[in-house]
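To keep things clear, I will list the structure first and then write my remarks on it.
The values are calculated or read from the model by the stated rules, or taken from the named source; none is laboratory data. From a predicted model like this one, the values you see are computed outputs, not experimental measurements. Cβ placement follows ideal geometry from the backbone for every residue including glycine, while neighbour counts extend to all protein chains displayed.
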Amino acid sequence: MSHEAAAGTGIPGGGEGPGRARVFVADLGTPEPALPVLEETVSRLFELTGQAGAVASRMVLVKPNILASVPSEMHVTTSPPVVRAVVRTVRALGGRVVVGDNPGGVERNSLRTAEACGILAASEGCFRNLSDEVVEVPSKSPYASTFVLSRLVLEADHVVNVPVFKTHMLTTLTGAVKNCYGYVAGANKARLHLSAFSRGRFAHLFLDIYSRRIPDLNIVDALYVMEGNGPTHGRVRPLGRPVAGTDGLAVDAVLTRMMGLDPLDLRLFQKAAELEGDPAWGRLGRFRSEEVEVLDLDGRPYPLGPIPDFALPSTFNVSLERQAELLIALGTIRPVVRPELCVGCGDCTRNCPPQAITLDPYPVVDGAKCISCFCCAELCTEGAMEVPAGQAAGLFDQMFR
Ligand code: SF4
Ligand code: SF4
């Protein structure tokens with residue numbers, strides 16, 4: 001697709017029509033496009049969403065997902081070529097770029113993590129450790145009185161959110177809204193896990209943190225997608241379809257439909273629906289199918305459908321979502337260690353919010369303390385902590401047979 005051809009489609013700038021959010025799907029036909037193709041695609045997405053003229057002379061924070069120190073080939077973190085394409089596009093449009101994120105767990109030095117996953121190099125000299133300067137801001141949700149956020153997030157003129165499309169054992173989807181949990185600095189994430197230890201509470205917290213600085217643009221790295229028990233050790237599949245829009249909830253709704261679910265199947269959207277009309281929250285975004293228009297790069301309706309045979313996390317059960325929340329809140333779904341993969345590094349003990357893990361010599365989980373947040377599985381780079389497929393289903397069977 002050339003820019004000239006696209007420009008002739010009559011798509012107005014501004015990204016969104018009066019009543020519906022617009023989300024664009026760039027069907028590239030390959031998960032490994034050449035960098036110039038990716039740059040052209042990202043540039044087009046800026047145009048279509050009305051952001052091309054909005055970044056000149058402004059300080060633009062590019063916020064990828066830098067969850068853990070793992071190689072980019074695992075597709076746990078945002079693909080370096082996608083980050084590079086966004087950095088180059090913002091620069092070409094006259095913006096001053098800063099790239100940064102807070103990694104998962106208690107890690108405070110994102111430089112190490114960014115180097116391991118290739119994002120430091122892809123940032124082309126613009127990377128900053130977001131934990132260096134923090135600000136404490138009041139919370140609107142009842143599970144924390146304040147949040148400790150990175151100052152740069154709040155001071156940026158413009159935020160371009162660049163998550164990666166994955167499943168998540170606690171939240172089912174990690175996309176645009178969940179990526180903003182990375183606004184929270186270092187060990188403060190563990191404190192929030194402790195105070196909001198259920199899916200519903202956590203969804204409430206996410207929306208609160210997201211609303212502290214709603215990104216101006218979301219470009220989801222969906223070159224690959226992780227299914228199953230993400231966000232670190234699920235199964236990776238090629239997709240080749242970056243998704244973008246100015247409304248993060250609308251973007252996440254499109255990802256949810258690609259996973260074969262209705263947005264209101266997820267606690268994130270159930271909570272967003274509950275908060276609608278509350279003047280303290282304002283407008284978080286649009287997510288119902290009738291509120292979201294899905295278009296291709298030429299501005300034509302995009303035939304959105306579920307990814308065939310997409311595997312959801314074993315912790316998710318669509319018809320029993322609220323019961324699943326109860327089970328998780330009671331700590332009945334617990335990770336187990338695979339000793340054959342464990343290298344005894346102790347990262348899981350350091351990253352466990354309630355300090356429920358001891359090494360003896362392999363990790364031992366204290367079931368009375370565990371809050372089933374799955375941080376240990378998420379942050380174990382060896383894949384040695386997992387929620388075995390069938391554990392949640394077995395519990396459902398026992399309770400509801
Ligand atoms: S389970 Fe993973 S994080 Fe924990 S000690 Fe073993 S290898 Fe390290
Ligand atoms: S053992 Fe794992 S799932 Fe349980 S509270 Fe600790 S980090 Fe969370």
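You will find that of Ser79, Ser69, the residue that is at pLDDT below 95, under 29 Å from Pro231 (Cα atoms), hydroxyl-bearing (Ser, Thr, Tyr) and out of contact with any Gly (no Cβ under 7 Å at 6 or more places or on another chain) is Ser69 and no other. If you go through segment 181-206 and pick out every residue that is surrounded by fewer than 23 Cβ atoms within 10 Å (Cβ to Cβ) and within 14 Å of the chain's Cα centre (by Cα), you end up with 1. Against the numbered list (1) within 29 Å of Arg96 (Cβ to Cβ); (2) of a type in the set (Lys, Arg); (3) crowded, with 24+ Cβ neighbours inside 10 Å, Arg212 comes up short only at (3). Of all residues in segment 335-362, those being surrounded by 18 or more Cβ atoms within 10 Å (Cβ to Cβ) and within 8 Å of ligand 2 (Cβ to nearest atom) number 7.
When the residues of segment 379-390 are filtered to those that are modelled with pLDDT under 95 and touching a strand residue (DSSP E or B) at 6+ places or on another chain (Cβ under 8 Å), the one that is nearest to ligand 1 (Cβ to nearest atom) is Met385. Remark: pairs (first residue in segment 346-368, acidic (Asp, Glu); second residue within 11 Å of ligand 1 (Cβ to nearest atom); Cβ separation under 8 Å; 6+ apart in sequence or on different chains) = Asp347/Gly105; Asp347/Leu379; Asp347/Cys380; Asp347/Thr381; Asp366/Ile357; Asp366/Thr358.
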